[in-house]
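Shown next, in C-alpha cells, is the structure this report addresses.
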Amino acid sequence: MRKKWWTAAGVNLVMGIPCVVPVWLLWYIAVNGPLADLGWTRREPTENDGMLLWLVIAVPVVTLFALLWWLANHFVRRSNTAPARVYWPVCALVTLVPSVTLMLLA
C-alpha cells in the first residue's frame, strides 16, 4: 500500500513542476481582472492589452495541463486502493506543492 502512495505522490510532484505555469497564468488573470475590479489588488500598470489575450493563452495551457494530469493519475489510480474521494484531492494538493513552495520562497 505504501509503495502505491509513493508512486502517486512522485507522479504528482513531477506534474507539479510544469503546473507552475498554469497556476501563474490563472493568478495573473485573477489579479488583473476580477480581483482588481473588486479593489483587492492593483492592475499591472503596463497591462493594456485586455484580458481576452490572456484568456486565449491560458485556456489551452490550463486545459492541456489538466488533461495530462488526469491521464497520468488515471493510470496510477488503477493500482491504488484508496477511495476516489481521498485519492483525487490528495493528488491535487501534492501537485500544488511546487507552486506553493515557489510562492513562499519568492
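The values are calculated or read from the model by the stated rules, or taken from the named source; none is laboratory data. Nothing here was measured: the structure is a model prediction, and the numbers come from that model. Here the Cβ is made from the backbone with ideal geometry for all residues, glycine too, and neighbour counts use every protein chain on show. Accessible surface areas use protein heavy atoms only, side chains included; no ligands, DNA or RNA. Shrake-Rupley method; radii C 1.70, N 1.55, O 1.52, S 1.80 Å.
Looking only at residues of the stretch 75-106 that are among the β-branched types (Val, Ile, Thr) and open to solvent by less than 60 Å² (accessible area, probe 1.4 Å), we find that the one that is nearest to the chain's Cα centre (by Cα) is THR95. When residues in the stretch 55-89 are screened for being of a type in the set (Val, Ile, Thr) and in contact (Cβ under 8 Å) with a residue 40 or more places away in the chain, 4 of them pass. Only one of the numbered conditions (1) assigned to a helix (DSSP H, G or I); (2) modelled with pLDDT under 90 is violated by SER79, and that is (1).
For the stretch 5-40, name all the residues that are within 27 Å of PRO83 (Cα to Cα), of a type outside the set (A, V, I, L, M, F, W, C) and either open to solvent by 80 Å² or more (accessible area, probe 1.4 Å) or touching a Leu at 6+ places or on another chain (Cβ under 7 Å) (or both). Correct list: GLY16 only. Selection of the stretch 33-79 for residues being closer than 21 Å to LEU104 by Cα and among the polar types (S, T, N, Q) yields only THR41.
Residues in the stretch 82-106 that are modelled with pLDDT under 95, out of contact with any Phe, Trp or Tyr (no Cβ under 8 Å at 6 or more places or on another chain), part of a loop (DSSP other than H, G, I, E, B) and of a type in the set (A, V, I, L, M): 1 in all. Is one or more of the residues making up the stretch 24-42 of a type in the set (Lys, Arg), farther than 23 Å from THR101 by Cα and not in a loop (DSSP other than H, G, I, E, B)? No, because not a single residue in the stretch 24-42 is of a type in the set (Lys, Arg), farther than 23 Å from THR101 by Cα and not in a loop (DSSP other than H, G, I, E, B). Among the residues of the stretch 41-74, those that are of a type in the set (Phe, Trp, Tyr) and open to solvent by less than 60 Å² (accessible area, probe 1.4 Å) comprise TRP54, PHE65, TRP69.
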